[in-house]
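Participant: Submitted below is the structure of interest, expressed as structure tokens.
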Amino acid sequence: MSWRNAMCGELRPDDVGRKATLAGWVSRRRDHGGLVFVDLRDPTGLMQLVINPERAASAAELAREIRNEFVLKVTGEVVARSPETVNPKMATGGVELQIDELEIVSRSTPLPFQLDEEGVDEALRLRYRWLDLRTERMQRNLRLRASVVAAIRRSMDDQGFVDIWTPGLTLGTPEGARDFLVPVRLQPGTFFALAQSPQLFKQALMVGGFDRYYQIATCWRDEDLRADRQFEFRQLDLELAFPTRDDVLEVLETVVAASFEALGRDAPERPFPRLSYADAMLRYGSDKPDLRFALEIQDATDVTRGSEFGVFSGAKSVRYLVVPKPFSRGELGKLEDFAKEWGAKGLAYLVCDEEGEVQSPIAKFLSQTELEAFAAAPGSTVLFVADEVSVAERVLGALRLHLGRELGLVDEKQDSFHWLLDFPLFQLDDGTGRWTFVHHPFTSPLDGHEELIERDPANALSLHYDLVWNGWELGSGSIRIHRSDVQQQVFRAMGMSEEEANAKFGWFLEALQMGAPPHGGFALGLDRFIALLAGEPNIREVTAFPKVSSGSDPLTGAPSAAGAEQLAELGIRLLDDLA
Ligand code: ASP
């Protein structure tokens, strides 16, 4: 016995007369007194079944029990539909299957939601994910994902990369997130960390003589969950020996193009445009700017240095946006609230009305030079933030995005890929007040910036680069430090003692001392990349079984408490309030 000899979505008028056996799910059942119509679904599509009591009495009897999502096996004859019942919206709409035999293979309890229902609550979808996976959306997304991953593997293979697996259970890897710890039964009191990325292993592979490594790696990071973040995610992880920065960027551009082509889409134009970090922060207030619209931030710090308007002259920096709309008082009030939520003290403005008249409570304090510098076209508004540089960047960056969307300035059809280059090597950690890495501590300084590492860390730039698509950071990489002395210098600049550095990274420092080639690489966040390719707003839609923002899995109910015996075996005792 075989379950089927045809697929639901594949039958066409050419098949008329054929005896076909199909197996699949009931998508819809309509009872026309006597005749029963069923749309049967399998992964290839839908086929209309007709169950006629005159042709198949026992099948018709059984058909009365059929409900949505029952699994059926049916055998019948493919017949042409009469011209008035042809359904041009269905690929199989020219034919139907006149049933001779029907078997209910599997039944379904009443459904918590219908598969074609709009706006089903996500919690419900995830709780019953096996049903949700049957929807067109999830079928399309996960199949798209598989096609992209296959294209990426082909491309990496063509480019001479070797697929090597690295451990998930390891020592803490510093990617800037918390580690997930795994207790070790054989050595009670000790823990593995789940790899935040294969970073040090891939560098060790370079020292190990594998010139080009890649892997579709699973990474685990204990961070708050968001639209573009899950505890565990997959990335295309890669590393090259003896590369220039351009070599690495070229590999990624090839992979992105291959992914687009695998989906039958035009690949974005190459090479992707490049932007320095400093430029991006100044012009867009973000290190992942959405470049599908202009609305650039401008700097007015020099012009306003001696301003009579105290808010301007007293501020470290004054920056502004010229927005192509003359906002009303009410709208300006709302924009000011928005700016305050992002940390601004206020939002000064000049409205240039349709007649070109400037309306603003601050205009009377501004000099002619200032007013000329801010001259805007009739029908626009100049919005100012005067504050610390970082605040001005943050607030205007957020306002820019907000207004870009609100005013419909974003060209949704455009695919804007670009590289961000020349990041700083270090940033100040707000908590500890110490210098910490921007990317990770293995990132090489820009050529000539080695001597700034300890002398002037604030101004040391790095060979770190990010790939950004329509305002989403798709991934990061860098040319690495391959000299143990420079690596130690970076650890020192971060306030790490020699003992601490040795305890955490001793093995790696040793590896760097045994013939380490120059190397560099990248990691592309696959979930984000695929969500964007699928046109989805978050990565849960391209993940078969995602977790929700509380950190749990609505399907299995994980995480769960461990039993006393299991804990004892691991040498773990819970704090009183958790026990
Ligand atoms: N390990 C880095 C990350 O996971 C990527 C890299 O530098 O290659 O973001």
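Participant: When you scan region 563-579, how many residues do you find that are within 38 Å of the chain's Cα centre (by Cα) and surrounded by fewer than 10 Cβ atoms within 10 Å (Cβ to Cβ)?
Facilitator: 5
Participant: Find the residue count for region 164-215, including only residues that are more than 13 Å from the ligand (Cβ to nearest atom), closer than 19 Å to Ile479 by Cβ and of a type in the set (Phe, Trp, Tyr).
Facilitator: Residues that pass the stated criteria total 1.
Participant: What's the number of the only condition in (1) out of contact with any helix residue (DSSP H, G or I) (no Cβ under 8 Å at 6 or more places or on another chain); (2) surrounded by 13 or more Cβ atoms within 10 Å (Cβ to Cβ) that Leu144 fails to meet?
Facilitator: With (1) out of contact with any helix residue (DSSP H, G or I) (no Cβ under 8 Å at 6 or more places or on another chain); (2) surrounded by 13 or more Cβ atoms within 10 Å (Cβ to Cβ) applied to Leu144, the lone miss is (1).
Participant: Among the candidates Asp224, Asp247, which residue alone is loosely packed, with under 15 Cβ neighbours inside 10 Å, within 16 Å of the ligand (Cβ to nearest atom) and either part of a helix (DSSP H, G or I) or on the phi < 0 side of the Ramachandran plot (or both)?
Facilitator: Asp247
Participant: Give me the pairs: first residue in region 555-577 and in contact (Cβ under 8 Å) with a residue 12 or more places away in the chain, second residue in a helix (DSSP H, G or I), beta-carbon distance under 9 Å, and six or more apart or on different chains, which are they?
Facilitator: Sorted first by the residue in region 555-577, then by its partner, the pairs are Leu555/Leu126; Leu555/Arg127; Leu555/Arg129; Leu555/Trp130; Ile572/Gln566.
Participant: Scan region 250-291 residue by residue and report those that are crowded, with 17+ Cβ neighbours inside 10 Å, in a loop (DSSP other than H, G, I, E, B) and charged (D, E, K, R).
Facilitator: Asp287, Lys288, Asp290 - these are the residues of region 250-291 that are crowded, with 17+ Cβ neighbours inside 10 Å, in a loop (DSSP other than H, G, I, E, B) and charged (D, E, K, R).
Participant: Among the numbered criteria (1) surrounded by fewer than 21 Cβ atoms within 10 Å (Cβ to Cβ); (2) of a type in the set (Gly, Ala, Ser); (3) in a helix (DSSP H, G or I), which one does Ala375 miss?
Facilitator: So Ala375 meets the others, but not (3).
Participant: Can you find a residue in region 169-177 that is part of a loop (DSSP other than H, G, I, E, B) and outside the structural domain of Leu205 (by TED's automatic domain parsing)? It would help to see each step written out before you state the result.
Facilitator: Just the residues of region 169-177 that are part of a loop (DSSP other than H, G, I, E, B), to begin with: 171-177.
Pick out the ones that are also outside the structural domain of Leu205 (by TED's automatic domain parsing) and you get none.
Taking every residue of region 169-177 in turn, none turns out to be part of a loop (DSSP other than H, G, I, E, B) and outside the structural domain of Leu205 (by TED's automatic domain parsing).
Participant: Just checking, which of Leu133, Leu72, Leu126 is outside the structural domain of Pro243 (by TED's automatic domain parsing) and more than 30 Å from Ser197 (Cα to Cα)?
Facilitator: Values: Leu133 fails: more than 30 Å from Ser197 (Cα to Cα); Leu126 fails: more than 30 Å from Ser197 (Cα to Cα).
Matching residue, one of Leu133, Leu72, Leu126: Leu72.
Participant: Among what's in region 218-231 and is touching a residue at least 60 places away in the same chain (Cβ under 8 Å) and farther than 14 Å from Arg528 by Cβ, pick the residue that is farthest from the chain's Cα centre (by Cα).
Facilitator: The extreme case among them is Asp224.
Participant: Quick test of your reading of the structure: Arg137 fulfils all but one of (1) over 22 Å from Asp553 (Cβ atoms); (2) surrounded by fewer than 18 Cβ atoms within 10 Å (Cβ to Cβ); (3) in contact (Cβ under 8 Å) with a residue 12 or more places away in the chain. Name the failing condition by number.
Facilitator: Condition (1) is where Arg137 drops out.
Participant: So which strands (runs of 3 or more DSSP E) are wholly in region 402-483 and hold at least 3 residues that are modelled with pLDDT under 90 and away from the ligand (no atom under 14 Å from the Cβ)? Step through it out loud before you land on a result.
Facilitator: Numbers: elements: 417-421, 426-428, 435-437, 464-469, 472-479.
Where strands (runs of 3 or more DSSP E) fall fully within region 402-483 and carry at least 3 residues being modelled with pLDDT under 90 and away from the ligand (no atom under 14 Å from the Cβ), they are 426-428.
Participant: Another question about this same structure. Name the one entry in Val120, Val148 that is more than 16 Å from the ligand (Cβ to nearest atom), within 30 Å of Arg29 (Cβ to Cβ) and under 24 Å from the mean Cα position of the chain (by Cα).
Facilitator: Val120
Participant: If you take the residues of region 484-511 that are surrounded by 13 or more Cβ atoms within 10 Å (Cβ to Cβ) and polar (S, T, N, Q), which of them is farthest from the ligand (Cβ to nearest atom)?
Facilitator: Across region 484-511, the extreme among qualifying residues is Asn502.
Participant: Here is a follow-up. Go through region 270-289 and count every residue that is out of contact with any strand residue (DSSP E or B) (no Cβ under 8 Å at 6 or more places or on another chain) and under 24 Å from Leu461 (Cα atoms).
Facilitator: The number of residues fulfilling the criteria is 5.
Participant: Pairs only if they're at least six apart or on different chains, beta carbon under 8 angstrom, first in region 448-474 and in contact (Cβ under 8 Å) with a residue 12 or more places away in the chain and surrounded by fewer than 20 Cβ atoms within 10 Å (Cβ to Cβ), second charged (D, E, K, R) and in a strand (DSSP E or B); list them, first residue then second.
Facilitator: Matching pairs, first to second residue: Glu473/Asp466.
Participant: Inspect all residues belonging to region 521-538 and state whether any of them is crowded, with 21+ Cβ neighbours inside 10 Å and aromatic (Phe, Trp, Tyr).
Facilitator: Scanning region 521-538, I find at least one residue that is crowded, with 21+ Cβ neighbours inside 10 Å and aromatic (Phe, Trp, Tyr), so the answer is yes.
Participant: Of everything in region 194-209 that's outside any helix (DSSP H, G or I) and without any contact (Cβ under 8 Å) to a residue 40 or more places away in the chain, which residue is surrounded by the most Cβ atoms within 10 Å (Cβ to Cβ)?
Facilitator: Residue satisfying both the conditions and the ranking: Pro198.
Participant: Counting only residues that are in contact (Cβ under 8 Å) with a residue 60 or more places away in the chain and surrounded by 12 or more Cβ atoms within 10 Å (Cβ to Cβ), how many does region 178-193 have?
Facilitator: Taking region 178-193 and keeping what is in contact (Cβ under 8 Å) with a residue 60 or more places away in the chain, we get 183-185, 188-189.
Filter once more, keeping what is surrounded by 12 or more Cβ atoms within 10 Å (Cβ to Cβ): 183-184, 188.
Final tally of qualifying residues: 3.
Participant: Any residue that is among the β-branched types (Val, Ile, Thr) and either free of Cβ contacts under 8 Å to residues at least 40 places away in the same chain or more than 22 Å from Leu124 (Cα to Cα) (or both) - is there at least one of those in region 540-551?
Facilitator: Initial filter on region 540-551 (among the β-branched types (Val, Ile, Thr)): 542-543, 548.
After this cut, where a residue has to be either free of Cβ contacts under 8 Å to residues at least 40 places away in the same chain or more than 22 Å from Leu124 (Cα to Cα) (or both) as well, the list is none.
Scanning region 540-551 turns up no residue that is among the β-branched types (Val, Ile, Thr) and either free of Cβ contacts under 8 Å to residues at least 40 places away in the same chain or more than 22 Å from Leu124 (Cα to Cα) (or both).
Participant: Then there is this: What are the pairs with Cβ atoms under 9 angstrom where one residue, in region 420-435, is under 16 Å from Gly285 (Cα atoms) and of a type in the set (Phe, Trp, Tyr) and the other, located anywhere, is surrounded by 13 or more Cβ atoms within 10 Å (Cβ to Cβ) and at pLDDT below 90? Sequence gap at least six, or different chains.
Facilitator: Correct list of pairs: Phe423/Val438; Phe423/His439.
Participant: Go through the residues of region 250-260 one by one and say whether even a single one is farther than 22 Å from Ala534 by Cβ, touching a residue at least 60 places away in the same chain (Cβ under 8 Å) and not assigned by TED's automatic domain parsing to the domain that holds Ala300.
Facilitator: Checked region 250-260: at least one residue is farther than 22 Å from Ala534 by Cβ, touching a residue at least 60 places away in the same chain (Cβ under 8 Å) and not assigned by TED's automatic domain parsing to the domain that holds Ala300.
Participant: Given the criteria under 14 Å from Val395 (Cβ atoms), in a helix (DSSP H, G or I) and not hydroxyl-bearing (Ser, Thr, Tyr), does Leu321 qualify?
Facilitator: The answer is no for Leu321.
Participant: Just give me the residues in region 228-244 being farther than 24 Å from Leu181 by Cα and in a loop (DSSP other than H, G, I, E, B), in sequence order. Spell out the reasoning first.
Facilitator: Residues of region 228-244 farther than 24 Å from Leu181 by Cα: 238-244.
Passing the criteria: Phe242, Pro243, Thr244.
The values are calculated or read from the model by the stated rules, or taken from the named source; none is laboratory data. No experiment lies behind these values; they were computed from the predicted model shown. Cβ sites come from the backbone with ideal geometry, for glycine too, and all protein chains shown count toward neighbours.
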